[in-house]
Amino acid sequence: MGDILAYEAELLGLVKEYLGFAEFEDTVKTFIKECKIKGKPLPKTAVSSLRDSKALIIQKDLLAAFEEGDQKVFFELWEDHISSFIRDSEPLAQKLEFYLHIHFAIYLLKHSVGKPFDERISCFKTFLETKGAALSQTTEFLPFYALPFVPNPMVHPSFKELFQDSWAPELKTRLEEFLSVTLKASNTPRLLMLYKENAQCNKEMLHQLHQQLVEAERRTMTYLKRFNKIQADYHNLIGVTAELVDSLEATVNGKMITPEYLQSVCVRLFSNQMRQSVAYSIDFTRPGTASTMLRASLAPVKMQEVPLLPSLDYEKLKKDLLVGNERLKAFLLQALRWRLTTSHPGEQRDTILQAYIGNDIMDCHNNSQRNVLKLLYSKNEVVRQYMARLINAFASLAEGRVYLSQNPKLLQMLEDRLKAEEKDSLTRENILGALQKFSLRRALQTAMIKDGLIFWLVDDLKDTDCLSDYTLEYSVALLMNLCLRSAGKKMCAEVANQVLKVLSDLLGHENHEIQPYVNGALYSILAIPSIREEARAMGMEEILRCFIKEGNAEMIRQIEFIIKQLNSEEPLDDSSESDDEEEDDDDDEEDHDTMEADLDKDEALQPQLGELTGEKLLTTEYLGIMTNTPKAKKKLFPGIHQSVDEPLQRPVTPGCHRAVYPT
């Protein structure tokens, strides 16, 4: 009760403020009256309408200062009325403030020329070196860091957009929208804000605790298995030790130990490390044999044999994928994927993949309406996501790509879903990963180029802030693979300015994993004379030389190759057209199979009590007759035979490229 009394006035004020905000006018009057009767302290709160009118006045003053180019007045109001928390932590506010500084820096240049412009540009330079330095690694703003050093920005191709008539009005509209939301948010009742913060915090904490519980259960099972093995080894060791002590006592009394007895003791000692028959075949009576093996057993033991997983009833499994409820479909897709992603590379994984392909688990040879691949169009988001993850897992393996590519409609389905899904969804991320891996195959490259996927990628890569690292890497790698073909280069020539702008922005991106693909794409498209001409007009060589100063040795050598290509005067080699006519896939499987960890990240589906998942679901409900027949895997190319000094000139996928070319 003491705690309530200490904060009573503040609590009553929160209730009154919320009632006023919700327009419970009669209730507010009754509440105030009752508080007076009971002698309760009630703090005076500002009337909502007065606060709204004040917010409108502040907004009007800020917009007037913007229109008049009054930098001093504008930023005084900005700092007084926009909280430092929003200015320093909200990306939207930081970006808007950056553009506002650009607006005031070039305002006088648009309206007059003289010494004040030099002062303004000096202020902008100071901003870049202080508060604006936080955005120096963002590709969107990187070109503007050169603005203070350009003698005449109005004629420079990199800044022509700033001097168009539409730029300032568009910025003003963005400013109005930001101010109306931000200034209104400050009027939100504190009670509502507390509830929102608490609810969000509880939701995040509950989700986090659930994830931790699932992970803890997995670790517990692993540790339990290890414990049982250690306990068994311990009991065996105690038994052997007891017998050896008895033997030592016997030798003291003059009794001899027979070689057969020593052999039997050592077989018991090593029976856990090797098969019984192998242990018996070793002659432990030779001096030093047993002690050497004991010491060697302390080193990590490499598994010699990996058991094959049980066969499944694929007919029943496919039937449930088509007619089961949405939750069962999702669990089955998850379990089939886990079988692939958690299997041991080699005979076990090859056998699983051959079983999937042999039973046409993805219905690649079935073009009817009841087709497993149609789950990509499911109304259930989790089913769509898990279908995309499974396709991406298949595409991670060379034979999986060959199998999926036999369905002529799959590529179009993936492209449709890619454009329909939300930008930050895991479904879209996995579809993009699968398409990138398909781009290792020439026939599929050709189809993607004809479908205009290059235009979509260039448009998507204009704003990389909302892309995950995985999406960014696979988008740029896919763009590079398509640009290596002569048809892809011609597509780029149609939108040369946009492609060059995107690639030059990506050169300075903070994710250094994409650099080899950006370099490869640039080097490739600069073989087209019209693109070289466009690149020279926009000052590409100056941009490239900026990165030479900061890059590592490998990056510097690759950029030197690109500059050499940029300054080349060679015409387009017509003989390169033949690369689009050769649809032989024998030479495009250069990469190793790459099953990246991202395939199983952020699982959206969590089992409830009593629900079967993963291997347990498959072997309990869908156990089939044993039909495992291991197949010899064809030898793939061990790597890409190319000097790391040059930009990439062969199709690659990010998972494989990291292993072959460390960045």
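Just so you know, all these numbers are worked out from the coordinates, no wet-lab data involved. Worth saying up front: this structure is predicted, and the values here are computed from it rather than measured. Please note: Cβ atoms are built from the backbone with ideal geometry, for glycine as well, and neighbour counts cover all protein chains shown.
Skipping prolines and chain starts, which residues have an amide H placed within reach, meaning under 5 Å, of the one on L623, given they are 5 or more residues away or on another chain?
D313
Take the alpha carbon atoms of segment 132-173, find their center, do the same for segment 511-554, and report the distance between the two centers in whole angstrom.
20
Would you work out if segment 330-402 is rounded, prolate or oblate? Take a ≥ b ≥ c from the square roots of the eigenvalues of the alpha-carbon gyration tensor; rounded if a/c is under 1.5, else prolate when a/b is larger than b/c, oblate otherwise.
Oblate, since a/c reaches 1.5 and b/c is not below a/b.
Stretched out fully, how many nm does the piece from K125 to I556 gain, at 0.36 nm a residue minus the Cα gap?
Full-extension gain reported as 152.4 nm.
Provide the per-residue ³J(HN,Hα) series for segment 221-229, in order, calculated from phi with Karplus coefficients 6.51, -1.76, 1.60 and θ = phi - 60°, each as a whole number of Hz, with x at glycine and proline positions.
Values per residue, Gly and Pro as x: 4, 5, 5, 5, 5, 4, 4, 4, 5 Hz.
So how do 62-75, 388-401 stack up, highest first, on mean other-Cβ count within 10 Å?
The densest-packed peptide leads the list: 388-401, 62-75.
Given 0.36 nm per residue, what is the gain on full extension from I32 to E422 after removing their alpha carbon distance, in nm?
Roughly 135.5 nm would be gained on extension.
Order the peptides 122-135, 471-484 from the highest to the lowest mean number of other Cβ atoms within 10 Å of their residues.
Top to bottom by mean Cβ count within 10 Å: 471-484, 122-135.
What's the FRET efficiency of R218 with S378 using the Cβ-Cβ distance as r and R₀ = 25 Å, to the nearest 0.05?
Step by step, r from the Cβ atoms, then E = 0.35.
In nanometres, what is the gap between the two model label sites at M205 and K60, each 7 Å from Cα along Cα-to-Cβ?
4.5
Past the 20 Å Cα-Cα mark, which pairs from K160/K462; K374/K419; K131/K423?
K131/K423
Evaluate E = 1/(1 + (r/R0)^6) for T613 and W456, where r is the Cβ-Cβ distance and R0 equals 41 Å; express this FRET efficiency to the nearest 0.05.
0.70
Give me the distance in nm between label points sitting 7 Å out from Cα along the Cα-to-Cβ direction at Q412 and E177, one decimal.
Between Q412 and E177, the label points sit 3.6 nm apart.
Ordered by residue, what ³J(HN,Hα) values in Hz, to whole numbers, does segment 416-426 give under the Karplus form 6.51 cos²θ - 1.76 cosθ + 1.60, where θ = phi - 60° and Gly and Pro are x?
3J(HN,Hα) across segment 416-426, in whole Hz: 4, 5, 4, 7, 8, 6, 4, 4, 9, 7, 5.
Using label points projected 7 Å from each Cα along Cα→Cβ, tell me how many nm separate S83 and K319, to one decimal.
Placing both labels 7 Å beyond Cα along the Cβ direction yields 6.0 nm.
Applying a 10 Å radius around every beta-carbon, put 349-357, 375-383 in order of their mean neighbour count, most first.
In descending order of packing, they fall as 349-357, 375-383.
Output needed: percent of Cα pairs per 5 Å distance bin for segment 49-187, bins running from 0 to the one holding the longest distance.
2, 9, 19, 23, 21, 14, 7, 4, 1, 0, 0
Could you work out how much longer the chain between S530 and K160 gets when fully extended? Use 0.36 nm per residue separation minus the Cα distance between them, nm to one decimal.
Once the chain is fully extended between S530 and K160, it gains 131.1 nm.
Return the sequence-ordered ³J(HN,Hα) values of segment 250-267 in whole Hz as given by the Karplus equation 6.51 cos²θ - 1.76 cosθ + 1.60 applied to θ = phi - 60°, using x for Gly and Pro.
Here the 3J(HN,Hα) series is 5, 5, 4, 7, x, 8, 8, 8, 7, x, 5, 5, 4, 4, 5, 5, 5, 4 Hz.
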